[in-house]
Amino acid sequence: MYAVRDQLRAELDQIEADGLTKRERLITTPQSSHIGTTSGEALNFCANNYLGLADHPDIVAAAHAALDDWGFGMASVRFICGTQTQHRDLETAIADFVGTQDSILFPSCFDANGGIFEVLLGPQDAVISDELNHASIIDGVRLCKAQRFRYKNRDMDDLRAQLEAARDAGARRTLVVTDGAFSMDGYLAPLAEICDLAEEFGAMVMVDDSHATGFVGEGGRGSHEACGVMGRVDIVTGTLGKALGGGSGGFVAAPTEVVELLKQRARPYLFSNAVAPSVVAGSLKALQIARDSDEPRRVLRRNAELFRSLMTEAGFELLPGEHPIVPVMFPGEDGARTASQVADAMLARGVYVIAFSYPVVPKGRARIRVQLSAAHSEEDVRTCVEAFVAARDEVS
Ligand SMILES: *Cc1c(COP(=O)(O)O)cnc(C)c1O
């Protein structure tokens, strides 16, 4: 073991030397717009807490009540003795919200994406994946034996070329898979065009809406609602770990046969513990809030619009769009260093944002990714913009 530990230490040293070491910030409060950390208070602009539900009193109360009513843990996978009536209630509620026949819960969306491809696709089949899809889709695709095709991010000419290649390869089933919203850019996938192309070639469409479910689209149903293609997307995967309370758990929402087959065959479903009762109850409450109230979405949109317009006025370059993920660009040779210095200077002022550079984003396209939340007040948004301006002046 000593020899291996030395090798691992060398690998860690290399990561450090490359400036790629990720360090955990220790938080001392619930997740929210204002958080305490071991190095002071911070205004938080880097959580996926889009609807501000992570510490919502009704959700906390529902989870509390579930501890009394349903206990702490399931100590079982779903199919042995790990399914309470509320697990099925949550699956029905998710399907109803997303607009599919049924849904199935997984321990996480990572597991949902990890389990689905090998169940649906064999060696006679083809999967066509956007090049910027989430790591869990990439890993899930690796686990299946289908022929793999990849298209350039949101590039419909390339998607057509890959659909032709899959057809020419004689694929039995073809599945096109994309993130609904891309997390580094805040761009939506062009789902109307993707559905048109898929229909032309007789392919299925799967969308991972982890950065959309609950808040994208008029009713928060997701990117398929925003793009006007609800009912034309065959399969939606998503997470309970972001906008919908941010607890944990993931799902596949799909036609009955897909859900039923996943219950028979999906390995992360069959061989991993059921989602905890309090998390199920809290997520049910979060879904109910997302369905019944437009208010959190309205506040989120107001915050994103305000931030985008104030930052543009202040002379920052943003990637365009409406998503509450707002990338503030620091292009060019020195961009990576500037972005990370600006982020550090902002944290010193109590505003927490994260800089991303190569290899997470392309070379020369460094950015600070800001994530707005319905939990932010208008003043929080203004404070963030002021910190950007001050940090830019300090760094340049
Ligand atoms: C966050 C995310 C996941 C993982 O979700 P978990 O439930 O945290 O495992 C999967 N896909 C996408 C696109 C995501 O953004």
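Laboratory data are not the source of any read-out in this text; all were calculated from the coordinates shown. In this text, all values refer to a predicted model and were calculated from it rather than measured experimentally. Because the Cβ atoms are built from the backbone with ideal geometry, glycine has one as well, and the counts that use them run over all protein chains shown.
Brief remarks on what is shown
- Three principal axis extents describe the C-alpha atoms of segment 201-359; from largest down they are 52, 40, 33 Å.
- Only lysine pairs 8 or more places apart or on separate chains count here, and in the chain those with Cα atoms under 29 Å apart total 10.
- Computed over segment 347-396, Kirkwood Rh from alpha-carbon pairs, angstrom: 12.2
- Applying the Karplus relation 6.51 cos²θ - 1.76 cosθ + 1.60 with θ = phi - 60° to segment 313-325 yields 3J(HN,Hα) values of 4, 7, x, 7, 8, 10, 6, x, x, 10, 5, x, 7 Hz, where x marks Gly and Pro.
- Charged side chains reduced to their Cβ positions (Lys and Arg at +1, Asp and Glu at -1) give segment 79-227 a dipole of some 500 debye around its Cα centre.
- 10 Å Cβ shell holding at most 16 others, DSSP loop, GluC sites (Glu not before Pro): longest site-free stretch of the chain: 25-130
- Largest GNM mean-square fluctuation among Ala17, Ala286, Ala75, using the chain with Cα springs under 10 Å: Ala17.
- Mean Cα-pair separation over length for segment 213-297, i.e. relative contact order, pairs under 8 Å, 6 or more apart, %: 27
- Net charge dipole size for the chain [Lys, Arg +1 and Asp, Glu -1 on Cβ; Debye, nearest 20]: 720
- Rounded to two decimals, the Cα radius of gyration of segment 110-166 over 2.2 N^0.38 Å is 1.09.
- Most mobile listed residue (Pro324, Pro123, Pro362) in the chain, GNM with C-alpha springs under 10 Å: Pro362
- Percentage relative contact order, the chain, counting C-alpha pairs under 8 Å, at least six apart: 21
- Overall form of segment 57-292 per C-alpha gyration tensor (a/c, 1.5; a/b vs b/c): prolate
- Measuring spread by the Cα atoms of the chain yields a radius of gyration and Dmax of 21.6, 61 Å.
- Simple rule: put +1 on each Lys or Arg Cβ and -1 on each Asp or Glu Cβ in segment 57-292, find the dipole, and look at Phe215, Ala65, Thr178; the Cα lying farthest toward the positive end is Ala65.
- Computed from Cα atoms alone, the Kirkwood hydrodynamic radius reported for segment 270-379 is 16.3 Å.
- Rounded to the nearest whole Hz, the Karplus-based 3J(HN,Hα) values (6.51 cos²θ - 1.76 cosθ + 1.60, θ = phi - 60°) of segment 27-43 follow the sequence 9, 10, 9, x, 5, 6, 6, 10, 10, x, 10, 5, 10, x, 7, 8, 8, with x at glycine and proline.
- Amide H partners (placed H, <5 Å) of Leu132, local residues excluded: Asn153
- The amide H of Gly250, built 1.01 Å from its N in the peptide plane, has Phe106, Ser108, Cys109, Leu240 as neighbours under 5 Å, considering only residues 5 or more places off or on other chains.
- Cα-only Debye scattering, segment 224-287: base-10 log of I(q)/I(0) at q = 0.16, 0.21, 0.29 Å⁻¹: -0.66, -1.02, -1.17
- Placing +1 on the Cβ of every Lys and Arg and -1 on the Cβ of every Asp and Glu, with nothing else charged, gives segment 294-396 a dipole about its Cα centre of roughly 340 debye.
- Against the rule of thumb 2.2 N^0.38 Å, how large the Cα Rg of segment 1-134 comes out: 1.50
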